[in-house]
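A.B. asks: One structure coming up, written as structure tokens, with questions to follow.
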Amino acid sequence: MIQKRFELIGLPERPPKPRTIGRTMMLDKGLSVRQVEDFIDVAADYVDIVKLGWGTSVVTPSLDRKLALYSAADIPVYFGGTLFEAMFVRGQLDVYKKILDGVGVRYVEVSDGSITISHERKLELIADLARDFNVLSEVGSKDQAKILPPYKWVQMIRAELDAGSVMVICEARESGTAGIFRPNGEIRSGLVDEIVDMVGAERVMFEAPQKGQQVWFIRNFGPNVNLGNVSPEEVLPLETLRLGLRADTLFEFFKAPDEYVADSSADTEPSGHGG
């Protein structure tokens, strides 16, 4: 929620929660209960869903307390796709459903980033889980050597939405070096453009953990693009990027007189610095 004392004109419109566009997914890699309390106090208005990364929910001793805090703040939570894969390869999906029911988690990620599942079988799993949960499916591999052509991404995303996914997440890993990104972190821009052109941006979330990646998405698709795998300490900085309150996007949404516009060769903050 923007502080009312700041009467800035020309800020882009950001929908209030619960949002259907411009969503931010925060990656919780093992926050303590106290850290979750602090995060909610600062950033609850700016995060739309939280992923407990990988299988961290299995080894988190204070899991119930954390889930209760997120729930009280009206922030949905889901467990990382790697945990789904770990349960699937053990033939324990029925157990997994009971666990989710038992802890009150209503979202489930269906992914095959680390294992091989035929896409037909994945669609069956999505359809089955969608009867009882909100399914977030993921397209793209964590293996940097596995490169899907853009048309295949589009086909898979469409099929998974048709099967019952409420949103499809485009894989990038927590490092931003796979899936929609090259190993050096460079965006596969042609791929992303085709996904947005052929599917639309509303029901797709792009994992973009690095600031430079977030800037690229906002510059190309506006402030209300769905972005995920955002670290807790980057949720507020991301919101300032969305609003044009950081050097990288200062003039993306507000047209200032030319006399106030700096040289475009210096239009981004130095890496790791700036305000």
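A.B. asks: I need the full set of residues from the stretch 206-243 which are out of contact with any Asp or Glu (no Cβ under 9 Å at 6 or more places or on another chain), of a type outside the set (Val, Ile, Thr) and under 15 Å from Asp48 (Cβ atoms), in order please.
C.D. replies: Across the stretch 206-243, the qualifying residues are Phe206, Ala208, Glu234, Leu236, Leu238, Arg242.
A.B. asks: Still on this structure: In the stretch 229-274, which residue that is among the polar types (S, T, N, Q), part of a helix (DSSP H, G or I) and at pLDDT 90 or above is surrounded by the fewest Cβ atoms within 10 Å (Cβ to Cβ)? Explain how you work it out, then say what you get.
C.D. replies: Looking only at the stretch 229-274, we keep the residues that are among the polar types (S, T, N, Q), and these are 229, 231, 240, 249, 264-265, 268, 271.
In the following step, the residues that additionally are part of a helix (DSSP H, G or I) were identified as 240, 249, 264-265.
Cutting the leftovers down to at pLDDT 90 or above gives us 240, 249.
Working: Thr240: 16, Thr249: 22.
Here the residue is Thr240.
A.B. asks: Residues in the stretch 61-113 that are part of a helix (DSSP H, G or I) and farther than 26 Å from Arg23 by Cα: how many? Write out each step before concluding.
C.D. replies: Initial filter on the stretch 61-113 (part of a helix (DSSP H, G or I)): 63-72, 81-89, 93-103.
Right, trim to farther than 26 Å from Arg23 by Cα and you get 86-89, 93-96, 98-99, 102.
Adding up the residues that qualify gives 11.
A.B. asks: Restricting attention to the stretch 120-133, report how many residues are within 27 Å of Val77 (Cβ to Cβ) and surrounded by fewer than 18 Cβ atoms within 10 Å (Cβ to Cβ).
C.D. replies: Residues of the stretch 120-133 that are within 27 Å of Val77 (Cβ to Cβ), as a first pass: 121-133.
In the following step, the residues that additionally are surrounded by fewer than 18 Cβ atoms within 10 Å (Cβ to Cβ) were identified as 121, 124, 127-128, 130-132.
Qualifying residue count, the stretch 120-133: 7.
A.B. asks: Taking Thr60, is it touching a residue at least 24 places away in the same chain (Cβ under 8 Å) and out of contact with any Gly (no Cβ under 6 Å at 6 or more places or on another chain)?
C.D. replies: Numbers: touching a residue at least 24 places away in the same chain (Cβ under 8 Å): yes; out of contact with any Gly (no Cβ under 6 Å at 6 or more places or on another chain): yes.
Criteria met by Thr60.
A.B. asks: Kindly provide the set of residues from the stretch 188-244 that are over 14 Å from the mean Cα position of the chain (by Cα), without any contact (Cβ under 8 Å) to a residue 60 or more places away in the chain and within 30 Å of Gln35 (Cβ to Cβ), ordered by number.
C.D. replies: Within the stretch 188-244, Gly212, Val215, Trp216, Glu233, Pro237, Thr240, Leu241 qualify.
A.B. asks: Please tell me if Thr20 is within 21 Å of the chain's Cα centre (by Cα), closer than 17 Å to Asn226 by Cβ and of a type in the set (S, T, N, Q).
C.D. replies: Numbers: within 21 Å of the chain's Cα centre (by Cα): yes; closer than 17 Å to Asn226 by Cβ: yes; of a type in the set (S, T, N, Q): yes.
So Thr20 passes the test.
The values are calculated or read from the model by the stated rules, or taken from the named source; none is laboratory data. Worth saying up front: this structure is predicted, and the values here are computed from it rather than measured. In this analysis, Cβ positions are derived from the backbone assuming ideal geometry, glycine residues included, and neighbour counts consider all displayed protein chains.
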